[in-house]
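Structure record follows, encoded as structure tokens.
The values are calculated or read from the model by the stated rules, or taken from the named source; none is laboratory data. None of the values given here were measured: they were computed from a predicted structure. Backbone-built Cβ (ideal geometry, glycine too); neighbour counts: all protein chains shown.
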């Protein structure tokens, strides 16, 4: 006999601050019409995290961070917020912020990767505790609804929509450009009219549509609709290919290392290590996507924390290994500009005479990295929309589950066109930083959620516990907030405009369809 639905209990006189019961969240997830197929184990979850974290950046960003950057911001809007604040405090003017850059980290970029991993681990621990307590699709959105209140849940849900869409548009456009360049090496030339964005760098390109960028998203959507087990299996294969490419580089590149290139180890001292960390921090974004798979996990209380933490550890080892080998192969100053800056790993192998086969392996690894990142983030996007719809904050269409495949297929198809069509039309360029600010904001709210839930429900069973609460979550808040100040003014303005649009939708639609509006 079916159990009657659990009554909605208000936790505040104000709808905006009402928190949703964890028990009710879990009960709703088990309703027949909303139940997702549980088929993921710990290693599939770990592979999801690795698939999201390691993209093509491991083959590109390491050289840039080691060589440093120096540039003049074209306007105040493109200056970093932290630069503006520090220049104003030091000189009483913000003019100095227009000339800025990042000192070279050199081989010490390996230390930067370690420090950033430590910083991410604080947020990762917070995700692990909440994921084990609230094994529900929706990630930071669901955790905020259960700990901070409806308005915070809406804000972070709307923020995550921005993060996932913008990130995947950028990756899809990057995949198209990289694939086109590599096919040209083999004499296959894709026409620019059908393989380039229509709008890029502020002008029309003459292209009609970026078909490769759209097609890769469309193909992955077919796989995601078919089922999470099949999608996870494909991701597992791509992760193995990607790790294989990285290990190939470590072995081949390791034989080409000249120890003299490791000196000086830290040419800019600790400042270079810190600023290098600010560059490579964003290569770690993606471990939070593991938590979006909570409802399709066989044993979420045990396996979700394992997947989050294991993916962070494995990716850190791979990042540090690539940094040590690459900076031993060639002097860090090599990667300042040109082909060496655009594809440092491939350039180093080519310059030092490695066999073309090994260079091809790196190309395959980079392409596979982009595809697996797209797959995981498209998967996560659909699950967040599914969770928001089930709570009434988005139309019910988003939470319809396929009767055969048990996947939220309408959300998945809408996510396909929300990413695929913009990827076919525009190169979003520096607007991709919106995914960074969105992720950091989510990390802040999840960390605060751990503190609030410990105080409100201290006796609730926790299969995984963050140590030293509230200090570890507060360290996460400070570190993530500090990294947000390293983003540009224009990124902050775009973020606030997006949030304002989201609040308008909440006021005129979502709050009227929330269950708390009816109690």
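Filter region 222-264 for residues that are more than 30 Å from residue 103 (Cα to Cα) and not in a helix (DSSP H, G or I) and give the result.
Passing the criteria: only 227.
Among the residues of region 400-427, how many are closer than 20 Å to residue 294 by Cα and either surrounded by 23 or more Cβ atoms within 10 Å (Cβ to Cβ) or within 23 Å of the chain's Cα centre (by Cα) (or both)?
Of the residues in that region, 7 qualify.
Name, by its number, the condition in (1) within 30 Å of residue 137 (Cα to Cα); (2) in a loop (DSSP other than H, G, I, E, B); (3) more than 20 Å from the chain's Cα centre (by Cα) that does not hold for residue 267.
(1)
Among what's in region 483-500 and is free of Cβ contacts under 8 Å to residues at least 40 places away in the same chain and within 22 Å of the chain's Cα centre (by Cα), pick the residue that is nearest to residue 303 (Cα to Cα).
496
Restricting attention to region 344-354, does a residue exist that is surrounded by fewer than 19 Cβ atoms within 10 Å (Cβ to Cβ) and either in contact with a strand residue (DSSP E or B) (Cβ under 7 Å, 6 or more places away or on another chain) or at positive phi (or both)?
For region 344-354, residues surrounded by fewer than 19 Cβ atoms within 10 Å (Cβ to Cβ) and either in contact with a strand residue (DSSP E or B) (Cβ under 7 Å, 6 or more places away or on another chain) or at positive phi (or both): present.
Just to be sure, is residue 149 surrounded by fewer than 23 Cβ atoms within 10 Å (Cβ to Cβ) and at positive phi?
Here the answer is yes, as residue 149 does meet what is asked.
Could you please let me know if residue 438 is surrounded by fewer than 14 Cβ atoms within 10 Å (Cβ to Cβ) and closer than 19 Å to residue 277 by Cα?
So residue 438 does not fit the description; no.
Just one of (1) loosely packed, with under 14 Cβ neighbours inside 10 Å; (2) at pLDDT 80 or above trips up residue 2, so point out which.
(2)
For region 245-270, what are the residues that are touching a residue at least 60 places away in the same chain (Cβ under 8 Å) and over 12 Å from residue 106 (Cβ atoms)?
245, 246, 248, 249, 250, 252, 253, 254, 256, 257, 258, 259
Just the residues that are touching a helix residue (DSSP H, G or I) at 6+ places or on another chain (Cβ under 6 Å) and part of a helix (DSSP H, G or I), please, taken from region 270-285.
273, 276, 277, 279, 280, 281, 282, 283
Please verify whether region 87-107 includes one or more residues that are in contact with a helix residue (DSSP H, G or I) (Cβ under 7 Å, 6 or more places away or on another chain), surrounded by fewer than 21 Cβ atoms within 10 Å (Cβ to Cβ), at pLDDT 75 or above and closer than 30 Å to residue 259 by Cα.
For region 87-107, residues in contact with a helix residue (DSSP H, G or I) (Cβ under 7 Å, 6 or more places away or on another chain), surrounded by fewer than 21 Cβ atoms within 10 Å (Cβ to Cβ), at pLDDT 75 or above and closer than 30 Å to residue 259 by Cα: present.
Can you find even one residue in region 463-478 that is in contact with a strand residue (DSSP E or B) (Cβ under 7 Å, 6 or more places away or on another chain) and buried (at least 16 other Cβ atoms within 10 Å of the Cβ)?
Checking region 463-478: not a single residue is in contact with a strand residue (DSSP E or B) (Cβ under 7 Å, 6 or more places away or on another chain) and buried (at least 16 other Cβ atoms within 10 Å of the Cβ).
Given the conditions (1) more than 30 Å from residue 318 (Cβ to Cβ); (2) buried (at least 21 other Cβ atoms within 10 Å of the Cβ); (3) in contact with a strand residue (DSSP E or B) (Cβ under 8 Å, 6 or more places away or on another chain), which single one is not true for residue 200?
Exception for residue 200: condition (2).
State all residues of region 321-333 that are crowded, with 21+ Cβ neighbours inside 10 Å and under 29 Å from the mean Cα position of the chain (by Cα); if no residue qualifies, say none.
Residues satisfying the conditions are 322, 323, 325, 326, 327, 332.
Yes/no per residue for (1) modelled with pLDDT under 90; (2) under 30 Å from residue 272 (Cβ atoms):
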{"site": "119", "(1), (2)": "yes, yes"}
{"site": "145", "(1), (2)": "no, no"}
{"site": "150", "(1), (2)": "no, no"}
{"site": "171", "(1), (2)": "yes, yes"}
{"site": "181", "(1), (2)": "yes, no"}
{"site": "192", "(1), (2)": "yes, no"}
{"site": "196", "(1), (2)": "yes, no"}
